[in-house]
Structures are given as C-alpha cells and as structure tokens.
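Colleague: Handing you a structure now.
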Amino acid sequence: MKPIEIFKYTNWKPFEYLGIHGNFYSIHAETIISTWVVLGIILVAAIVSRHFLKKQVGVGNYLVVSFGQTFIDLCNQILGNFKYKYFAFITSIFCFILLCNCISLIPWLDEPTQDLNTTVAMGIIAIAYTHIQSVKVHGLWEYIKEYFSPFILMFPLNIVGKLANVVSISFRLFGNIFGGAIISQIYHNAVEGSILLESIGILSTLDITVKVFFGLFEGFIQAFVFSMLTLTYLSVAIQKDTVEKGNV
Amino acid sequence: MIDYSQLLHYCSIAFAVGVNSVGVGIGEGRASVAALKAINQQPSAQNAIGKVAIIGTALIETSAVLGLFTAIILFRNPLPETNALYVAIAEVGCALAIGLSGFIVGIVSSFPTEQSCYSIARQPFFSNKILNLTLLTQSIIQSPLIFSFLVLLFIKTQAATITTLADSVRYLSSGLCIGLGSIGPAIGLAIFAKNACKSIGINRHVYGKILTFSIISLAIIETPIIFALLISLVLAIISIPTTNMITTIAAMLAAGICMGLGTLFPGISSGKVASKACIQIAYRPDAHPIVSRVSMLAQGLIDTCAIYALLISLMIAILR
C-alpha cells in the first residue's frame with residue numbers, strides 16, 4: 001500500500017518575477033485549473049439551456065424549466081416571498097458547488113472544494129451577501145443596533161457568532177468533500193498494482209459505487225445543504241419584526 | 001518486562017475494529033427487529049419493508065468498514081525503532097477518534113431505519129418517498145465518522161516525525177477531541193432523523209416540506225462537530241515549545257477535552273428541538289413557516305454554548 005498524500009498541491013508563484021515573495025501569493029495549480037474547467041462547463045450549459053428555452057418544446061426545455069421551478073418553489077417556501085435576485089444568487093451558488101463536487105468523475109481532475117481556500121471563499125461570499133442584503137432592507141442604523149441587542153454587553157459574542165457562521169458553513173463543505181476524496185483515494189491505493197483486486201473491484205461494482213457515492217451523491221447533498229443554509233441565513237437577515245410593530 | 005509501545009500499538013488496533021463492531025452489531029439488531037415487527041403489523045408491505053431494512057443495514061455497516069480500514073492502516077505501518085512509545089501514544093489517539101465515534105454512530109444510525117419500517121407499515125403505498133428520506137438522513141448521520149477518519153489520517157501521516165512526549169499527547173488529544181465531540185451531535189442527528197421518518201408516517205402530504213426542513217436542520221445540528229473538527233485540526237497542526245513540558249501536556253489535553261465535552265449537550269438538545277418541530281409540522285402543515293423559523297432560531301441559540309467551548313479551546317491551544 002502506498003503512503004497517502006494529504007496535501008499534494010503544486011504551488012505556482014506568478015508574482016515572483018515582479019519581486020513579490022511569500023506564501024500568501026502562491027497559487028494551488030490543481031485548484032485553479034479545476035475551477036476554470038467548472039466555469040467552462042457552466043458557460044456551455046448556460047448557452048445550451050438558452051438554446052433549449054428558445055425552442056419552447058422538447059425534453060431539454062422541460063428539464064431546464066423544471067430545474068428553475070424547483071428553486072423558485074424553494075425560495076418561496078423559505079423566504080416567504082419571491083425575488084429574482086435571491087433566486088439567481090442561490091441557484092448560481094448551487095450550480096457552482098455541485099459541479100465542483102462532481103468534477104472528480106472526470107479523470108485527472110480534483111475537486112476544487114477539497115481545498116480549504118475555495119470553501120472559505122464561498123463561505124465569505126455567501127455570508128457577506130446576507131449582511132449586505134440586511135443593510136439594504138433594514139438600513140445601516142438598524143443593522144448596527146442588532147449587534148448590541150439584547151443588551152450592550154453581548155457585542156463581542158454577537159461578533160463571534162457571526163464569524164462562527166462562516167467557519168461552520170465552509171468547514172462543513174470542506175470536511176465532507178475532503179473526507180470523501182481521501183476515502184476513495186485510499187481505496188484506489190489499496191487495489192492499485194494487483195490485477196486480481198482491480199478486476200474484483202470492477203466486477204463487483206465497488207469501483208463505481210465508491211465514485212458515485214462520494215462524487216455524485218455526497219456532492220449533491222453538500223451543495224444543497226450549502227445553498228439551503230445560505231437561503232436560511234438570508235431569510236433570517238431580511239425578515240422584518242412585524243409582531244413587535246403590531247403590538248406598538 | 002512488558003514492551004509498553006507494542007502493547008499500546010496492538011491494543012489500539014484491536015480497539016478500533018472491536019468497539020466499532022459492537023456498535024454496529026447493536027444497531028443492526030435493532031433495525032432487523034424493527035423490520036420484523038413492521039412486517040408483523042402489515043404483512044402485505046413485506047417487500048418494501050425488506051428493501052428499507054437491507055439498505056439501512058448496509059449504511060449502518062459503514063462504521064465497521066471504516067474501523068477495519070483503520071486497523072489495516074495501523075497494522076501495515078509498524079512502529080519505528082526510535083521513539084516507539086511516543087508514536088504508540090499518538091496511535092491511541094487514532095483509535096479513540098474512530099472508536100468513540102464509530103461506536104455511537106453504529107448504534108444511533110439504526111434509529112431512522114427502525115422508524116421508517118414502522119412508517120411504511122402505516123403508509124404502504126408511500127414506501128419509495130420514505131426510502132428516499134431514510135437514505136438521505138442516514139447518509140448525513142455518517143458525516144461525524146468521515147470527519148473522524150480525516151483527523152485519524154492527519155495524525156497517522158504526521159506521527160512518524162514525533163520526537164517529544166508533548167507532541168504525542170497533542171495528537172492523542174486531537175483524536176480524543178473529535179471522538180468525544182461526535183457523540184452528542186450524532187445522537188442529536190439520529191433523534192431528529194427518527195422523528196422526520198415518523199412524521200411522514202403520520203401525514204404523508206408534508207413530504208416536500210419535511211425534506212427541505214430536515215436537510216437544513218441536519219446541517220445546523222451538525223455544527224458542533226465542525227467546531228470539534230476545527231479544534232482537532234488546529235491541535236494536529238500547531239507547533240509547541242520544547243520547554244515547560246508538563247504545562248504544555250496539560251494545556252493540550254484540556255483543549256481537546258473542553259471542546260469534546262462542550263459539543264455533547266448542544267448536539268442532543270438541538271436534535272430534540274428540531275424533532276419536536278418536525279412532528280408539529282406533520283400535525284399542522286399550515287403552520288410550517290413559523291414552526292421552522294422558531295426551531296432554527298432556538299437551534300442557533302443552543303449552538304452558542306458550543307461557540308463558547310470553541311473560543312476557550314482556541315485560547316488554551318493557541319495563546320496558552
């Protein structure tokens with residue numbers, strides 16, 4: 001059995017010849033390449049689905065419309081009212097993370113989400129969006145006052161609570177995808193080099209089961225969890241306290 | 001003269017696979033008994049009930065398989081000549097990580113299978129949707145196990161470089177943290193999943209609402225485990241000074257145990273809150289928005305306790 005490599009990134013240092021050094025400016029090559037492949041797939045899918053929508057009939061049209069309708073229903077269920085910008089934000093986050101989790105089905109590519117940099121970036125984007133929308137809905141003064149509620153001593157704990165949201169949402173995605181990737185890597189290291197073991201794996205469909213369970217199934221669940229949690233945080237951030245105003 | 005390093009090495013191999021098998025055995029027994037009782041209630045649905053029971057037991061077995069993987073990994077990497085005792089102590093951390101979480105997950109992941117057998121007995125024509133929900137909830141219950149396995153591999157790959165006792169206690173504490181930390185949230189996840197399956201048995205028209213609600217709730221109940229994972233990774237990565245050996249050992253153990261115990265009751269009570277909300281949605285589907293919102297708010301407040309534990313453990317581990 002080969003030893004398991006946990007951090008196997010090649011570092012690119014594009015700013016080195018400008019005289020800028022340091023670990024902060026190095027780039028993980030595999031992550032960047034897989035992310036651009038994902039973005040390319042999304043672009044192609046968008047063009048194709050636009051073509052389907054123009055035709056108004058057919059299987060493709062049905063698939064695209066039902067995909068959109070599912071997310072419109074989810075937004076209605078959780079937010080209470082439909083707004084196009086929230087729907088677009090949630091759906092694009094879902095598509096990006098789903099494709100990132102499933103990209104390892106293509107040979108020679110790794111999931112970008114098994115790199116902590118990607119998941120923390122997605123977490124920061126999602127949480128920052130909810131804060132911006134909260135400011136837009138309630139106004140800046142109400143937003144700041146929320147940090148000092150219920151009384152002024154709670155200010156540091158409120159700050160920590162908001163930061164813990166980012167940590168929990170990004171480490172959940174990272175842990176699940178990274179764990180799945182490592183388990184399938186261990187399986188491949190175990191059967192590699194022995195024709196008997198490899199053929200047993202293919203014939204008993206264990207090979208496909210490991211790939212599909214950790215690539216498609218777990219990836220789909222985690223992408224859905226990420227987008228639903230973002231939607232929940234959004235609905236908490238933009239809701240108005242109608243009950244209190246009614247009492248006054 | 002006993003060679004303590006070899007004793008610890010083989011004990012941890014045996015612990016990893018033995019304790020997991022005990023948990024899985026209890027869990028599979030519960031699931032099979034529930035399937036038989038459900039067939040006794042509704043004999044015409046025996047095919048659907050049998051399908052759910054077989055898929056459920058296959059998923060319960062995940063923890064035994066991961067325990068076996070751990071035992072093989074530990075067995076194939078024998079102890080080095082120098083510093084053998086220190087590496088053996090780090091391996092005890094590996095065994096605790098997979099053993100504690102595998103034992104609990106093996107027992108509790110039978111709850112949703114059990115309850116969905118009874119639900120199918122009540123709603124025989126709705127078995128496919130109930131099967132979907134069982135599969136989904138049960139595979140989310142496995143995530144503490146995946147996190148523990150991740151920490152274990154971190155410890156195992158870095159264990160060869162240990163030179164001091166403080167380092168080995170650091171890895172032991174890292175494994176203890178994720179092992180203890182997954183007990184409470186795993187129980188909470190299982191209680192919630194059980195009640196989600198039960199509520200569809202009560203009222204099958206709420207399937208769509210329960211599905212989204214259960215995915216969000218399971219993700220929120222899981223939050224304390226993610227804090228425990230964070231502390232475990234921090235403990236496995238940080239570098240510690242070579243002076244003040246006793247103080248460092250005490251600090252490392254304290255950080256791990258603090259986070260591990262801190263997640264215990266937030267996980268359980270968060271699961272209980274969400275499960276009551278699930279049953280209420282089944283009885284009164286029109287109150288779904290307000291019930292789910294109140295439940296998520298309460299879960300957010302309960303998670304505050306886990307955040308306190310996270311803060312204190314980070315302070316102990318990093319600032320000292």
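Taken together, the values in this text are just the output of simple stated rules run on the coordinates, not laboratory data. Every value quoted in this text rests on a predicted model; they were computed, and no experiment measured them. A quick note on method: Cβ atoms are made from the backbone with ideal geometry, for glycine too, and the neighbour counts reach across all protein chains shown.
Colleague: Could you line up B:Ser313, A:Ser26, B:Ser143 from fewest to most neighbouring Cβ atoms inside 10 Å?
Modeller: Values: B:Ser313 25, A:Ser26 16, B:Ser143 28.
If I rank by nearby Cβ atoms, fewest first, I get A:Ser26, B:Ser313, B:Ser143.
Colleague: Once phi is turned into θ = phi - 60°, what whole-Hz ³J(HN,Hα) does the Karplus curve with 6.51, -1.76 and 1.60 give for every residue of segment A:104-118, x standing for Gly and Pro?
Modeller: Residue by residue, segment A:104-118 yields 6, 5, 7, x, 6, 10, 10, 5, x, 7, 8, 9, 5, 4, 5 Hz.
Colleague: Could you give the alpha-carbon Rg of segment A:13-240 over 2.2 N^0.38 Å, rounded to two decimals?
Modeller: Against the compact-globule rule of thumb, the ratio is 1.23.
Colleague: Neighbour counts of other C-beta atoms within 10 Å: give me B:Thr137, A:Thr209 arranged from fewest to most.
Modeller: Neighbour counts put them in this order, fewest first: A:Thr209, B:Thr137.
Colleague: If you don't mind, there's one more thing I want to ask. Restricting the calculation to Cα positions, tell me the Rg (one decimal) and the Dmax (whole number) of segment A:83-193 in Å.
Modeller: My reading of the Cα-based Rg and Dmax gives 18.8, 65 Å.
Colleague: Within a 10 angstrom radius of each residue's Cβ in A:219-228, how many Cβ atoms of other chains show up on average? Whole number is fine. Working shown, then result.
Modeller: Details: counts 0, 0, 7, 3, 0, 5, 7, 1, 0, 5.
Mean partner shielding for this stretch: 3.
Colleague: Taking Cα pairs under 8 Å and at least six residues apart, what relative contact order does chain B come out at, in percent? Intermediate results must be reported in sequence, preceding the final value.
Modeller: Details: 563 pairs, mean separation 63.2, N = 320.
Relative contact order of chain B: 20 percent.
Colleague: Could you tell me which of A:Gln56, A:Leu203, A:Ile186 has its Cα farthest along the dipole of chain A towards the positive end, charges placed at Cβ (Lys, Arg +1; Asp, Glu -1), taken about the Cα centre?
Modeller: It is A:Gln56.
Colleague: Considering only the other residues whose Cβ falls under 13 Å of the Cβ of B:Gly56, what net charge follows from Lys and Arg at +1 and Asp and Glu at -1? Intermediate values should be presented prior to the final figure.
Modeller: Numbers: positive: B:Arg30, B:Lys51, B:Lys194; negative: B:Glu28, B:Glu61, B:Glu114.
Here the count lands on 0.
Colleague: Any idea what diffusion coefficient segment B:185-320 gets from Stokes-Einstein, in µm²/s, Kirkwood Rh on alpha carbon pairs, 20 °C, 1.002 mPa s? Kindly include the intermediate steps, with their values, before the conclusion.
Modeller: On the way: Rh = 16.2 Å.
For these conditions, the coefficient is 132 µm²/s.
Colleague: Separate question: When chain B is modelled as a GNM with alpha-carbon springs shorter than 10 Å, which of B:Ile220, B:Ile54, B:Ile246 fluctuates the most?
Modeller: Maximum fluctuation in the GNM of chain B, among the listed residues, is at B:Ile246.
Colleague: Based on Cβ point charges of +1 for Lys and Arg and -1 for Asp and Glu, what charge dipole magnitude is obtained for segment A:1-111 about its Cα centre, in debye rounded to the nearest 20?
Modeller: I would put it at about 420 debye.
Colleague: In degrees between 0 and 90, to the nearest 10, how far off the longest principal axis of chain B does helix B:165-181 point, with axes built from Cα atoms?
Modeller: Value to nearest ten degrees: 10.
Colleague: Per-residue counts of other Cβ atoms within 10 Å, averaged by peptide: what ranking do you get for A:166-172, B:81-87, highest first?
Modeller: Working: A:166-172: 22.3, B:81-87: 16.1.
Answer by packing, highest mean first, reads A:166-172, B:81-87.
Colleague: Please identify which residues in segment A:116-137 have an amide N closer than 17 Å to a label point set 7 Å out from the Cα of A:Glu16, following the Cα→Cβ vector.
Modeller: none
Colleague: If you don't mind, there's one more thing I want to ask. Roughly what percent of Cα-Cα pairs across segment B:1-158 reach past 29 Å? Mind dumping the intermediate values first?
Modeller: Numbers: 3908 of 12403 pairs.
For segment B:1-158, the share of Cα pairs beyond 29 Å comes to 32 percent.
Colleague: Whole-Hz ³J(HN,Hα) for each residue in segment B:120-132, computed from phi via Karplus 6.51 cos²θ - 1.76 cosθ + 1.60 with θ = phi - 60°, x for glycine and proline: what do you get?
Modeller: Each residue of segment B:120-132 in turn: 5, 5, 7, 10, x, 8, 10, 5, 5, 5, 5, 4, 4 Hz.
Colleague: Right, something else. Pop out the ³J(HN,Hα) list for segment A:168-179 in order, Karplus 6.51 cos²θ - 1.76 cosθ + 1.60 with θ = phi - 60°, rounded to Hz; leave Gly and Pro as x.
Modeller: Whole-Hz 3J(HN,Hα) from phi for segment A:168-179: 5, 5, 7, 6, 5, 4, 4, x, 5, 5, 5, x.
Colleague: Can you return the aspartates and glutamates within cross-link range of A:Lys136? Criterion is Cα-Cα under 16 Å, with same-chain partners fewer than 8 residues away left out.
Modeller: Result set, ordered by chain and number: A:Glu146, A:Asp241.
Colleague: While we're here: Can you compute log10 of I(q)/I(0) for chain B with the Debye formula, treating each Cα as one identical point scatterer, at q = 0.12 Å⁻¹?
Modeller: Debye curve over Cα of chain B, log10 I(q)/I(0) at q = 0.12 Å⁻¹: -0.80.
Colleague: Right, next: Dipole magnitude of segment B:4-319 about its Cα centre, charges +1 at Lys/Arg Cβ and -1 at Asp/Glu Cβ only, in debye to the nearest 20? Mind showing how you got there, number by number?
Modeller: Working: 16 positive and 9 negative charges, 225 e Å.
My answer is approximately 1080 debye.
Colleague: For segment A:1-133, just the Cα set please: Rg and Dmax, both in angstrom.
Modeller: Just the Cα atoms of segment A:1-133 yield Rg and Dmax of 18.9, 57 Å.
Colleague: So, one more: What is the Å³ per residue value for the convex hull set by the Cα atoms of the protein assembly as shown?
Modeller: On the way: hull volume 114.6 nm³, N = 568.
That works out to 202 Å³ per residue.
Colleague: Among B:Leu79, B:Leu218, B:Leu229, which one shows the highest mean-square fluctuation when chain B is modelled as a Gaussian network with alpha-carbon springs under 10 Å?
Modeller: Looking only at B:Leu79, B:Leu218, B:Leu229, the largest GNM fluctuation is found for B:Leu79.
Colleague: Another one. Where does each of A:Glu198, B:Glu114 land when they are ranked from fewest to most other beta-carbon atoms within 10 angstrom? Please list the in-between numbers first.
Modeller: Values: A:Glu198 14, B:Glu114 26.
Ascending Cβ contact count within 10 Å gives the list A:Glu198, B:Glu114.
Colleague: Rounded to the nearest 0.05, what FRET efficiency do B:Asn40 and B:Val65 have when you use their Cβ-Cβ distance and R0 = 35 Å?
Modeller: Working: r = 31 Å, r/R0 = 0.88.
FRET efficiency, B:Asn40 to B:Val65: 0.70.
Colleague: With no solvent and one point per C-alpha, what does the Debye sum give as log10 I(q)/I(0) for segment B:60-112 at q = 0.14, 0.15, 0.19, 0.29 Å⁻¹?
Modeller: For the requested q values the scattering log ratios are -0.44, -0.49, -0.68, -1.10.
Colleague: Okay, moving on. Helix-only estimate, please: 222 nm mean residue ellipticity of the protein assembly as shown, summing -39500 (n - 2.57) across DSSP H runs of length 4 or more and dividing by its residues, to the nearest 500.
Modeller: Working: 24 runs with 447 residues, N = 568.
Result for the protein assembly as shown, helices only: -27000 deg cm²/dmol.
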